[in-house]
Amino acid sequence: MSSQDHPVSSFKKKMKSSLPYTLAVAIIGFVSLWVRTLPSNTVFLPNGFVKFATNDAWYHMRTLNVLLENYPHRMFFNPMTNYPNGSYIHFGPLFDQMMAITSLILGMGNPSPQLVNTIGAYFPAILGALTVIPVYYIGKYLGGHKTGILAAILIAFAPGQFLARSVIGWTDHHVAESLFSTFFMMFFMLALISAKKKKLSFEDVLNKKFTVFKEPLVYSVLAGVMYSAYQLSWPGGSLFLLIALVYAVFQYILDTFQNESSDYLGFTGIVTCLVSTILILPFVHPDMGFSLYYYSWFHVVTAIGAMAGFVALSLIEREFKRKQIKTYYYPLIIFGAGILGLIIAKIVSPSLYSLIIHAPSTVFGTQRGGPSTIGEVTSIFYQGGVFTLTRAFGNFTMTGFLASLLGMIILAVNIFRRQKPQELLVLVWSFFILLAIYGQNRFAYYYSVNVSILSAYLGGLLLEKAKWNELDQKFKSNVKSPADIPKAFKFIKVEQVLAVLVIVVFLIYPAYGSAMLYTTGSNDPNEWWMEGTEWLHSNTPDPGMNYNAIYEAPKNGEMFQYPDTAYGVMSWWDYGHYIETIGHRMPNANPFQAGVGGRSVSIDEENRPGAATFFTASSEKEATAVLKAIDPRPDKMGARYIMSDARMATEIFGAMPAWTLDTEGYYQAYRVGNQYQTIPSTRYFDSMEAKLHIFDANGLKQYRMVHETGASQTDEVGYKQVYNYFYGGKLPEVDTGYVKIFEYVKGARITGTASPNETVKISTTILTNQGRTFEYSQSTTADSQGRYEFTLPYSTEGPIKGETQFDTAPSGPYVLSYGDTTKEVRVNEEAVLKGEEIKV
């Protein structure tokens with residue numbers, strides 16, 4: 001063996017040749033990290049406070065802190081949300097565990113809150129930057145180093161949801177999904193390439209030819225590890241198992257028609273699925289049955305089923321070749337075997353069969369009813385029911401998105417010319433993620449990877465046409481030191497310069513320019529929600545729960561046993577995590593869409609009690625009945641406090657009736673000149689949300705405002721103008737508190753006598769903590785014996801210890817009037833809270 005053929009010499013030569021590309025990828029990675037940390041000033045505030053970007057980010061920090069407090073045990077059931085039921089946590093454990101381990105290492109076993117928050121803030125940016133590594137290698141094995149480098153550059157600047165969900169402060173598991181799913185595809189691809197190159201067969205494994213299957217085995221194991229990491233970041237990770245299996249079906253068919261062995265594919269698939277089965281098994285919650293949303297037997301069965309699929313496909317292929325059966329029967333046999341498998345699943349486990357049948361629609365199908373109002377799960381191609389490419393272009397740039405479609409077409413054509421496993425794999429992968437963004441736009445953070453790879457693939461083909469490889473070889477042959485670089489420029493041709501300019505102008509620059517729009521940071525939660533939830537934390541009674549404790553889930557059919565001091569906070573589901581994580585109180589509804597209520601099947605289904613049914617209730621009595629129905633325990637109400645903001649009362653109000661499947665009549669068309677404008681109608685102004693936020697709960701018997709934040713310019717003024725103009729109202733046309741907090745109370749009972757059938761009025765002026773005043777009033781008619789009764793929610797004597805420390809209250813006593821009689825009435829807080837009678 002010559003010195004040049006020695007394995008060590010070969011390895012050194014390989015390392016030397018790949019060093020420039022390794023350095024380039026490292027530089028691109030650091031640039032990617034820099035881009036993702038640009039909004040750091042919106043995360044690390046001057047007062048030392050760390051402000052995370054989304055409600056899920058706040059929730060991840062909560063689960064992280066609970067994990068660190070109880071390490072290594074994590075919270076699976078959380079009674080501090082979706083009161084009074086609690087919620088099982090469907091978040092994967094890996095993302096929090098990675099942050100926890102990092103915190104424990106850097107904090108020497110006792111990390112400070114500031115260190116934990118800093119790690120949590122930077123973590124998504126680091127994971128996003130690391131994504132350039134698998135993207136580079138996938139691009140490299142698809143079209144060479146030039147394609148890999150270009151793909152890495154494009155993903156480093158990829159705009160849209162991928163960048164938004166991986167900037168500093170966006171501490172959510174989505175970026176981990178993108179990273180680990182891409183690593184899974186990379187190692188799966190490398191295993192296929194390696195196994196096919198070595199012409200691996202099952203006989204090689206049985207005969208223990210380790211030199212043949214060693215490298216494919218390592219890649220396949222790593223593919224299984226990365227799939228498991230992806231699965232443990234998001235329970236819906238079975239999506240990529242489906243992609244791998246569908247790819248395998250097509251690859252088996254193509255190999256059969258080309259009379260090639262598919263043992264390389266069977267080996268890779270079986271090992272990958274076996275490893276993932278073993279790694280996922282310890283995280284299964286048996287009591288979850290077959291659930292797609294929580295770690296259950298479904299995740300084990302699908303991995304085992306996929307492994308069985310690879311085994312079956314390999315056995316069928318071998319039998320076809322052994323018996324020399326005509327190849328066109330092979331797809332029919334596969335189709336028949338798939339149908340048979342579904343029939344068996346239906347007989348053995350109907351619940352599993354139903355889940356398998358309906359699972360694809362949860363990803364690829366468009367949403368209806370209430371779920372259609374969830375921004376991230378709407379189709380990327382439809383807005384207001386109209387097809388549009390606006391959001392697709394916004395996420396991937398126009399040229400990037402179109403390049404990805406053209407790249408898929410070219411890959412499809414290549415299948416019939418020079419079929420390569422990696423090309424078919426990227427094609428199937430990209431096609432399924434394209435379907436996914438049709439169903440839910442949130443999967444754009446997956447498709448950004450595909451766009452980067454496919455765009456780079458297209459760019460690589462352009463460079464090939466410009467003879468880039470020839471230029472590359474001349475540079476390698478003539479450049480031995482930095483001093484030789486200027487001389488080598490003479491080898492550059494005009495068409496190569498033009499090709500680079502086309503790539504920069506149409507692919508790189510649009511991505512970079514669009515990416516800069518996503519580096520301004522997030523304003524969620526805004527200052528008003530921060531202030532409102534902090535006030536809630538400091539000025540309302542302790543609900544009696546250990547915030548960082550791990551609680552056991554109740555047995556099936558039973559409710560969690562809360563202490564008597566516990567209570568819920570009603571708000572729209574968007575804000576549930578803020579109420580829990582910043583306010584340390586228990587929301588009735590949360591961003592898991594738990595506690596929303598309403599209907600999900602048909603208009604004939606009974607409305608479930610929840611946030612949607614409460615805020616759309618047409619009367620105080622109906623709204624209170626909803627609160628009572630939320631918590632069926634005797635003498636308990638589903639919520640004590642209600643938090644509303646200006647968005648709930650205006651721009652997102654329409655989402656509330658959507659969840660009840662009863663959307664008619666809240667708005668009406670009004671002609672202005674040659675156009676129609678949509679304005680709120682009587683049904684809107686009769687809703688509980690309008691009664692609370694627009695009318696400040698004026699006239700309500702058992703709901704009082706206890707605090708409001710500062711005002712912000714919103715659509716509130718426009719809604720008040722409509723009410724005043726069309727319905728004869730006299731509301732001050734000004735913006736009021738952006739967030740308002742109300743309290744449900746029993747109300748003091750004011751009783752007295754007047755002349756029979758006489759109109760009796762009672763009113764007072766409410767002074768808010770913002771210095772704003774408004775009138776609170778009620779009126780009633782005395783009965784035939786002259787008796788009247790009011791239920792009043794406001795105390796005129798101020799708060800008492802241990803109860804709500806409200807800073808919005810009457811500025812003086814109530815004024816009671818009927819006929820020529822006027823009386824002042826004072827009401828103490830005990831009477832309001834206990835529903836005591838005060839005789840006038």
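The values are calculated or read from the model by the stated rules, or taken from the named source; none is laboratory data. No experiment lies behind these values; they were computed from the predicted model shown. Ideal geometry is used to build each Cβ from the backbone, glycine not excepted, and the neighbour counts take in all protein chains shown. Areas reflect the complete protein model, heavy atoms only, side chains present, ligands, DNA and RNA absent. Shrake-Rupley method; radii C 1.70, N 1.55, O 1.52, S 1.80 Å.
Please compute the contact order of the range 732-840 in relative form: average sequence separation of alpha-carbon pairs under 8 Å and at least six residues apart, divided by the residue count, as a percent.
35
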Averaged per residue, the 1.4 Å probe accessible area of the range 615-749, protein heavy atoms only, in Å², is roughly 41
Solvent-accessible ranking of 255, 735, largest area first, probe 1.4 Å: 735, 255
Provide the FRET efficiency to the nearest 0.05 for the residue 242-residue 368 pair, computing r from the beta carbons and using R0 = 22 Å. 0.45
Over the Cα atoms, compute the radius of gyration (one decimal) and Dmax (the largest Cα-Cα distance, rounded to a whole number) for the range 545-701, in Å. 17.1, 62
Compute the distance in nm between two label points, each set 7 Å from the Cα along the Cα-to-Cβ direction, one at residue 406 and one at residue 420. 2.0
Can you give the three extents of the C-alpha atoms in the range 655-793 along their principal axes, from longest to shortest, in whole Å? 57, 35, 30
How many angstrom lie between the C-alpha centres of the range 297-365 and the range 533-557? 46
Say a paramagnetic label sat at a point 7 Å from the Cα of residue 326, along Cα to Cβ; which residues of the range 376-419 have their backbone N under 15 Å from it? none
Charges on Cβ only, +1 for Lys and Arg, -1 for Asp and Glu, centred on the Cα centroid of the chain; of 840, 241, 661, which one is farthest towards the dipole's positive end? 241
Whole Å is fine, so just give me how far the alpha carbon centre of the range 462-516 lies from that of the range 212-231. 35
Taking volume of the Cα convex hull per residue in Å³ straight from the coordinates, which label in (1) 214; (2) 320; (3) 243 is the correct one? (1)
Can you tell me how the range 417-489 classifies by the Cα gyration tensor, rounded, prolate or oblate, using a/c under 1.5 as the rounded cut? prolate
How much space per residue, in cubic angstrom, does the convex hull of the C-alpha atoms of the range 43-135 take up? 125
Leaving ligands, DNA and RNA out of it, rank 715, 204, 564 by accessible area with a 1.4 Å probe, largest first. 564, 715, 204
Too-long pairs where the Cα-Cα distance tops 32 Å, listed order kept, from 214/465; 146/480; 199/326; 628/823; 621/839: 214/465; 628/823
Percent of all Cα-Cα pairs per 5 Å bin for the range 308-371, counting from 0 up to the last occupied bin, reads 4, 14, 17, 17, 15, 12, 10, 6, 3, 2, 1, 0
Structure-based [θ]222 nm, the chain - -39500 (n - 2.57) summed over DSSP H runs of at least 4, per residue, nearest 500: -16000 deg cm²/dmol
Using only C-alpha atoms and all pairs of different ones, pull out the Kirkwood radius for the range 268-324 in Å with one decimal. 12.4
Could you tell me, in Å, what Rg and Dmax come out for the Cα atoms of the range 105-224? 18.6, 57
Additional length obtainable on full extension of the chain from residue 494 to residue 682, 0.36 nm per residue less Cα span: 60.7 nm
Gain upon complete extension [residue 202, residue 751; 0.36 nm per residue less C-alpha separation]: 188.6 nm
Two-site label geometry, residue 470 and residue 805: point separation in nm, points 7 Å out along Cα→Cβ: 8.0
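Helices from the chain with mean Kyte-Doolittle at least -1.0 and a Cα length along the axis of 30 Å or more, per DSSP H: which?
Answer set is 7-36, 174-197, 210-231, 297-323, 444-465.
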Could I have the simple spin-label model distance between residue 351 and residue 481, label points 7 Å from Cα toward Cβ, reported in nm to one decimal? 7.4
In debye, nearest 20, what is the charge dipole magnitude of the range 773-840 about its Cα centre with +1 on Lys and Arg Cβ and -1 on Asp and Glu Cβ, if you could check? 100
Contour minus end-to-end for residue 319 and residue 47, with contour as 0.36 nm per residue of separation and end-to-end as the Cα-Cα distance? 90.8 nm
Which whole-number percentage describes the relative contact order of the range 621-755, with Cα contacts under 8 Å and a sequence gap of 6 or more? 28
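Rounded, prolate or oblate: pick one for the range 147-204, where a ≥ b ≥ c are the square roots of the eigenvalues of its C-alpha gyration tensor, a/c under 1.5 means rounded, and failing that, prolate if a/b is larger than b/c, else oblate.
Judged from the Cα gyration tensor, the range 147-204 comes out oblate (a/c at least 1.5, b/c at or above a/b).
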Taking Cα pairs closer than 8 Å and at least 6 residues apart, the relative contact order of the chain in percent is 12
Long-range tail of P(r) for the range 308-444 (Cα pairs > 24 Å, %): 53
Considering only 768, 123, 179, whose Cα is most displaced toward the positive end of the charge dipole of the chain, charges sitting on Cβ of Lys, Arg (+1) and Asp, Glu (-1)? 179
How many angstrom lie between the C-alpha centres of the range 97-143 and the range 757-783? 57
Label 7 Å along Cα→Cβ of residue 727; the range 607-644 residues with amide nitrogen under 20 Å? 612-624, 644
Which of the peptides 585-597, 537-549 is most tightly packed, and how do the rest follow, judged by the mean count of other Cβ atoms within 10 Å per residue? 585-597, 537-549
Report the residues of the range 444-488 in range of a label on residue 502: point 7 Å along Cα→C-beta, backbone N strictly under 17 Å from it. 454-471
Suppose R0 equals 51 Å; then what is the FRET efficiency for residue 258 and residue 516 from their Cβ-Cβ distance, rounded to the nearest 0.05? 0.60
Calculate log10 I(q)/I(0) of the range 423-541 for q = 0.14, 0.22 Å⁻¹, where I(q) comes from the Debye formula with a single equal point scatterer on each Cα and nothing for solvent. -0.85, -1.19
For the range 710-782, the Kirkwood Rh over every pair of distinct alpha carbons, in Å, works out to 15.3
Protection proxy ranking, peptides 460-468, 306-314, 421-429, average beta carbon neighbours within 10 Å, highest first: 421-429, 306-314, 460-468
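For the range 362-519, give the percent of accessible area contributed by carbon and sulfur heavy atoms, probe 1.4 Å, rounded to a whole number.
It is 67 percent, rounded to a whole number.
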With +1 at each Lys and Arg Cβ and -1 at each Asp and Glu Cβ, the charge dipole magnitude of the range 32-160 around its Cα centre, to the nearest 20 debye, comes out at 300
Size of the dipole of the chain about the Cα centre, Lys and Arg at +1 and Asp and Glu at -1 on the beta carbon, nothing else charged, in debye to 20? 4300
I need the fraction of alpha carbon pairs in the range 731-828 separated by more than 18 Å, rounded to a whole percent. 52
If I compute solvent accessible area with a 1.4 Å probe over the protein chains, what percent of it on the range 537-675 is carbon and sulfur? 48
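Given R₀ = 51 Å, FRET efficiency for residue 559-residue 34 by Cβ-Cβ distance, to 0.05?
Details: r = 50 Å, r/R0 = 0.98.
According to the calculation, E is roughly 0.55.
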